[in-house]
Amino acid sequence: MSFNTAMNVHLDLKVLETDILIIGGGTAGCFAALTVAENSSCQVLIAEKANIRRSGCLAAGVNALNAYIVKGETPETYLDYVRNDTEGVIREDLVYSIAKRLNDVTAKVEALGLVIQKDANGDYVARGRRNIKINGENIKPLLAAAVEQKETIQVLNRVNIIDYVVKEGRVIGAYGFSLDSKIFYTIQAKAVLCTTGGAAGLYRPNNPGFSRHKMWYSPFNTGAGYAMGIRAGAEMTTFEMRFIALRCKDTIAPTGTIAQGVGAQQINGRGEAYERKYGLPTTPNRMFSTVQENKEGKGPCYLETKGISKETEEDLYKAYLNMAPAQALRWIESGRGPSVENVEIEGTEPYIVGGHTASGYWIDTNRATTLEGLFAAGDVAGGSPQKFVTGCFAEGEIAAFSAMEYVRGKELVAVEHAQMIAKLEEVRQFLQDDTTLNPDITLYSVEELEEAMQKVMDVYAGGISSDYVVNSSKLTIAKQRIKGLLDMSTSLKAKDLHELKLIYEVLDRLYVCQTVIAHLQARKETRWHCFQENADYPERDDLHYFKYVNSCYRNGDVEINFRDIVKKDETYEHQN
Amino acid sequence: MSIKISQQICIGCGKCLKVCPGGLIHRNEAGKSYVRDPQDCWGCTSCLKECATGAIKYYLGADIGGLGGYLYTERDRERLHWTICKADGEKVRITINQKDANRY
């Protein structure tokens, strides 16, 4: 609600041109850019809202590579693992094509300088059936340095992309704004590759106060890529399969390093190992079992680490400093490390993230989306869970080759001036030169709408407070409330470019929430404990729902369609 | 989760604000870095690792078990020294060589 109309801020219009625009310079985006530079003379432009040196999920580093074909395993066994872990609703063609590339992309990152542990024979040291040990603290700076050495790659740091430019069904570029100066960008491109990552901050987080951003996923991944696709009418898949991570309490640091690394099992407050009571130890079941134990009053739950040696403890400190320093600080400053105290665990709020579960763009085998000229890879691309870091590299590589093929012989399509100005005006309406001079200009702040959104999702769309369970009545309320917040968001005001970014982040998350809610409504079964658990339909129903739930946003509504499962050796092409 | 930037130690080189994945570090009128929205920090420590002067301290919010201690980093070529300073002043230093892979 606007009480006054203050003077709008001026924005300069700047038009850029490139062959391939990559939106998001994280794991998949940087690798895709390198692939293009090494295999063609195409000009690449990476638009990144932070700085590629430490942006995206790998900011703090990563402790292991969790998708690798170790000795004795094959791409087929990797596919089997993913299929079994996710009740079969995956795009086998996508998972398999990634699995076949995992080891080659790993070798390439090692050549860039990543330290990977080797045994006396020179083989990588495995941490399990699919994992290898590394020192990944500097993995992102290594990637960024490689990107910056390529003459054909231009990096536009601190530019926030907000929407695609679409002409007659084809994506011909994107709009964005600088976070440093009052510049509105129109970037014209022959092909666009979206690698923005997934969405955090949709649900009320574990630590909603001062430490609200101490979360599993990057809080700066706010679903922009999903939202831009949704608004442009791209088909999306499996948004009902949310990802919930089992983490160390409070610091939300990883548990896999302890569970796999030192073989610690999950125990409840009575000291009983409980995981096996709940069926196969799939990713959803590890989470579900912990929720159930707490519901039965047997919490808190722990990873049983007490009694590990001091040497092991010291190694764990180092491993955590290399990826989640908060947990190491917590152990050391309290003087109660994992050798003397079991590590308490909890589930996070749900995220939408295609590198772990299967939410994202509905893509063909070549990673083309349903919008011509637009490709997707990494966490923003759907259908293939358990990608992790190396899977995002592999998918970035596949998408890069497809984009290179697509641009061959193509010309740039000029964006019409009037269209640019209309978009610039849309951005400008959020900017006020000085809200302190005119504090009554709007009733609500971005922060208030964000909190309201997170509360709605928590209570009515299966967040932590509802033990991740949804039902139709609650989802109906969620849909209505999120729609209301989306309407209210148009009156938000920003006093500077940082606040303008925050407005777009909350807007994007509201669009993603709408899609999540519609997908949760559509899957009338329970396919994955916690990730998608519907109290109205508590059983798995293969007869009706061994399918993908897909959607397109049309005329203000999320329209659902169901698609049949794509198998390993199929080449999937988009049809109408 | 957050950081504090010492205004006495900061030399205003701007490396930390460039690298913050959330764009949370800004410059004040004196040209020095400050955190604009401390509650928006993810806790990734990217800024600490850029800072050559040790001006940035990383600490846990009281809501996630912080007890008044903090950590900072110093880089010595391929070695990264992590110093945890407990509330009672005791310091614990852990050095990680970038060339060594994690054991776990």
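Every number here is computed from the coordinates shown, using simple stated rules; none is lab data. Everything numeric in this text was worked out from a predicted model, so none of it was measured. Because the Cβ atoms are built from the backbone with ideal geometry, glycine has one as well, and the counts that use them run over all protein chains shown.
Summary table below
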item: Within 10 Å of each Cβ in A:314-323, the average number of Cβ atoms from other chains; result: 5
item: For chain B, radius of gyration divided by Kirkwood radius, i.e. Rg to Rh on alpha-carbons; result: 0.97
item: Where N is the number of residues in the range A:70-113, Cα Rg divided by 2.2 N^0.38 Å; result: 1.30
item: Anisotropy class of the protein assembly as shown from Cα gyration tensor, a/c 1.5 cut; result: rounded
item: Charge tally in the Cβ shell below 14 Å around A:LEU58, where Lys, Arg are +1 and Asp, Glu are -1, A:LEU58 excluded; result: +2
item: Computed helical MRE - 222 nm, chain A, DSSP H runs ≥ 4 contributing -39500 (n - 2.57), nearest 500; result: -10500 deg cm²/dmol
item: Estimated inter-spin distance, A:GLN429 and A:LYS310, nm [label 7 Å along Cα→Cβ]; result: 6.6
item: Along each principal axis, Cα extent of the range A:246-347, largest first, Å; result: 33, 23, 22
item: Environment charge at A:GLY391 (Cβ cut-off 13 Å; Lys +1, Arg +1, Asp -1, Glu -1); result: +2
item: Cα-based Lys pair tally, the range A:430-560, threshold under 16 Å, eight or more apart or on separate chains; result: 7
item: Straight-distance crosslink candidates among aspartates and glutamates, where the alpha carbon sits under 17 Å from A:LYS306 and sequence neighbours closer than 8 are dropped; result: A:GLU272, A:GLU314, A:ASP315, A:GLU341, A:GLU344
item: Rounded Å value of the spacing that divides the Cα centres of the range B:25-87 and the range A:313-366; result: 19
item: For B:28-40, mean number of other protein chain Cβ atoms within 10 Å; result: 2
item: Gap separating the Cα centres of the range A:132-163 and the range A:34-73, nearest whole Å; result: 7
item: Cα-based reach from A:LYS133 at 18 Å (exclusive), listing lysines while leaving out same-chain residues under 8 positions away; result: A:LYS71, A:LYS108, A:LYS118, A:LYS318, A:LYS387, B:LYS99
item: Percent antiparallel among DSSP beta bridges (both partners in the range A:430-560, rounded to 5); result: 60
item: Local net charge near A:GLY261, Cβ-Cβ under 10 Å (Lys/Arg +1, Asp/Glu -1); result: +2
item: Inter-part distance where the range A:396-417 and the range A:444-514 are each reduced to a Cα centre, Å; result: 34
item: Built amide H within the under 5 Å cut-off of A:VAL155, gap 5+; result: A:ILE46
item: Loop-located trypsin sites (Lys or Arg not before Pro) in the range A:169-272, at most 10 other Cβ atoms within 10 Å (DSSP); result: A:ARG270
item: Lysines with Cα under 16 Å of A:LYS410, excluding same-chain neighbours fewer than 8 positions away; result: A:LYS167, A:LYS190
item: Average partner coverage of A:132-139, which counts Cβ from other chains inside 10 Å; result: 3
item: Filtered trypsin sites (Lys or Arg not before Pro), the range A:33-97: DSSP coil and at most 11 other beta carbons within 10 Å; result: A:LYS71
item: Ranked by how many other beta carbons lie within 10 Å on average, peptides A:525-531, A:446-452, B:56-62 from highest; result: A:525-531, B:56-62, A:446-452
